[in-house]
Amino acid sequence: MIRGVHHFALHTQDIDRMATFYRDVLGFKPVTPVFPWADEPMIDRAIGVPGSAAKSLMMSAGNCYIELFEYQRPPSVTEAPLRPNDRGYTHFALDVDDIAQAYEQLTAAGMRFVNPGPVDFGQIRAVYGYDPDGNMIELQQVSPDHAFAFEKLGRNPS
């Protein structure tokens, strides 16, 4: 039985820079030391990437974990971050209680956004932006009575 989302993972070219951003700007806390590996057949088999070498770091905030990866090998097939319309991971969303304040704080911290402020959809206000590696992050503020409000997470539907 699925209990919920445990973590999401991001690839970075600089794990120290990304860890600093997720810690100092978004409030994630490291829960493990950086874990390096190379020439580990069990890991290669588990992830389906022969000859891998990388470093990873697990961090937490609120009700989830984020795992950062910096691969030394094999090289990525693309240098460009994925766009929202590309196949695969496109973004993750952070639920906030004051989107205007979060937007201002993150803008001041250097985060780039696609709009000059949150877009108001009625019961949802949202804005998309980028971390230092160009991974898209959505900030959202959802009305508590909306069907997928953060406050309802983990409750069984009635």
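The values are calculated or read from the model by the stated rules, or taken from the named source; none is laboratory data. Small disclaimer: the values here were computed from a predicted structure and weren't measured. Positions of Cβ are backbone-derived with ideal geometry, glycine not excepted, and every protein chain shown enters the neighbour counts. Only protein heavy atoms, including side chains, enter the accessible area calculation; ligands, DNA and RNA are left aside. Shrake-Rupley method; radii C 1.70, N 1.55, O 1.52, S 1.80 Å.
Miscellaneous remarks
- Residues whose placed amide H lies under 5 Å from that of THR12, excluding near-sequence neighbours: PHE69, GLU70, TYR71
- Fraction of antiparallel bridges per DSSP, the chain only, in percent to nearest 5: 75
- Taken one residue at a time, the phi angles of the stretch 142-147 give Karplus couplings (6.51, -1.76, 1.60, θ = phi - 60°) of 10, 4, x, 8, 6, 4 Hz. Gly and Pro are set to x.
- Compared with the dominant Cα axis of the chain, that is its longest principal axis, helix 99-108 is turned about 50°.
- Binning all Cα-Cα separations of the chain at 10 Å, short to long from zero, yields these whole-percent fractions: 9, 33, 36, 16, 5, 0.
- Rounded accessible area per residue of the stretch 91-158, 1.4 Å, Å²: 60
- Average Cα contact separation per residue, the chain, under 8 Å, 6 or more apart, as relative contact order %: 19
- Over all other residues within a Cβ to Cβ distance under 14 Å of ARG17, the charged ones net out to -4, with Lys and Arg as +1 and Asp and Glu as -1.
- Computed over the chain, the per-residue total of -39500 (n - 2.57) for DSSP H runs of n ≥ 4 gives a 222 nm mean residue ellipticity of -4000 deg cm²/dmol, rounded to 500.
- Carbon and sulfur %, accessible surface of the stretch 77-133 computed with the full protein complex present, 1.4 Å: 52
- The stretch between ASP86 and ASP98 holds 1.4 nm of extra length on full extension. This uses 0.36 nm per residue minus the Cα-Cα distance.
- Extension gain for ASN115 to THR78 (0.36 nm times residue separation, less C-alpha to C-alpha distance): 10.7 nm.
- Two-site label geometry, SER60 and ALA46: point separation in nm, points 7 Å out along Cα→Cβ: 1.9
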